[in-house]
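Remarks on the structure that follows.
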Amino acid sequence: MEHPKASSKGKVFLSGTTDKEYTWETISPQHIIVFIYSGELILTYGKNTLTFVPGDTVLIPKNQLTRSLKKPADGKPFKCVSLFLTDENLRDFYLNKPVSEDWIENISKQRPINPHPLLESFFGTLLPYFDMEDELPEALVPIKITEALTIIDTVDKRASKILGTFSEIGKVDLEAYMEEHYMYNLPLERFAFLTGRSLTTFKSDFKKIFQNTPGKWLTEKRLDLAHHKLNVEKQKTSDVYLSVGFENLSHFSFAFKKAFGYSPSSLNSNQQLRG
């Protein structure tokens, strides 16, 4: 999902600016490189959270379930530029380069692109293009992509292990994946895809592992997490419902009261709890 104030050049580079907090969940079919000019970007992969600040270069791997939060900071709006990389771009670049055959998923959760003056200089050269009304010249796009990938491959080989790998999603440990990602608001079809299964196989495997249907299990897990955030972490209801996977506040409040016998707002106001 793109921010409404975003502008693109050459359908590859995307610049985004916002003066308000903006959050969304996404699964990108392409790898994305993001450079932060100002503000903060907070990425959550399952239960792992990383915060990026001005000067940081971020790699968001494709097919990774991610929650993103853009925040203004230090009196400045959030501003970034994103580079969308297709498999064709990457195959052309890594064709004759030795790259590890596979990579550990946790690499993507450990800041796989270290800050470097070359990266800051490269992304600084992109800013003037977004002040132009015309599209970025088509012939310039592959040149800029190659330049970016060359710098990234030079400053941090961990990123190349991700960008230079082209294997499809295979079956993953369903129990471990769901325990880490249940708080994301996704249809079952997407959970099935991300765990390397058809929807039918996903439901069948899920029932064998959890002794419950996916829908009921997800609701129970999300409500338990919400209760913890409200009662123990003292978070506000308005800040909780999206973070645990509910689409809107009214649905969350109805499900919460049905499960616990009292409304989520009663925890915020320190009213007497049941049990």
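Nothing in this text is a laboratory measurement; each read-out follows from the coordinates by a stated rule. Computed from a prediction, not measured in an experiment: that's the story for all the values here. We place every Cβ from the backbone using ideal geometry, glycine too, and count neighbours over all the protein chains shown.
Things to note:
- For the pair Glu147 and Phe130 in one chain, pulling the backbone fully straight at 0.36 nm per residue adds 4.3 nm over the alpha carbon distance.
- Rough spin-label spacing in nm, given labels placed 7 Å along Cα→Cβ, for Leu118 and Asp87: 2.8
- Computed 3J(HN,Hα) for the stretch 204-213, one whole-Hz value per residue from the Karplus formula 6.51 cos²θ - 1.76 cosθ + 1.60 where θ = phi - 60°, is 5, 5, 4, 4, 5, 7, 9, 6, 7, 7, glycine and proline marked x.
- Angle of helix 140-155 to the longest C-alpha principal axis of the chain, folded into 0 to 90 degrees and rounded to 10: 70°.
- Cα centre as origin, Lys/Arg/Asp/Glu Cβ charges: the stretch 7-163 dipole, Debye: 540
- Angle of helix 249-260 to the longest C-alpha principal axis of the chain, folded into 0 to 90 degrees and rounded to 10: 40°.
- HN-Hα J in Hz across the stretch 229-238 - Karplus 6.51, -1.76, 1.60, θ = phi - 60°, x for Gly and Pro: 5, 6, 7, 9, 7, 6, 7, 7, 4, 5
- q = 0.16, 0.18 Å⁻¹: log10 I(q)/I(0) that the Debye formula gives for the stretch 182-275, counting C-alpha atoms only: -0.68, -0.80
- Rg/Rg_ref, the chain, where Rg_ref = 2.2 N^0.38 Å and atoms are Cα: 1.13
- Angle between the chain longest axis and helix 117-126 axis [Cα atoms, degrees, rounded to 10]: 90
- Only Lys, Arg, Asp and Glu carry charge here, each on its Cβ (+1 for the first two, -1 for the last two); on that basis the chain has a dipole of about 1220 debye about its Cα centre.
- Cα centroid separation, the stretch 30-65 to the stretch 168-187: 20 Å.
- With a Förster radius of 41 Å applied to the C-beta separation of His251 and Thr154, the computed FRET efficiency comes to 0.25.
- Inter-label distance, Glu233 to Glu180: 1.8 nm, where each label sits 7 Å from its Cα along the C-beta direction.
- For the stretch 7-163: rounded, prolate or oblate by the Cα gyration tensor [a/c cutoff 1.5]: oblate
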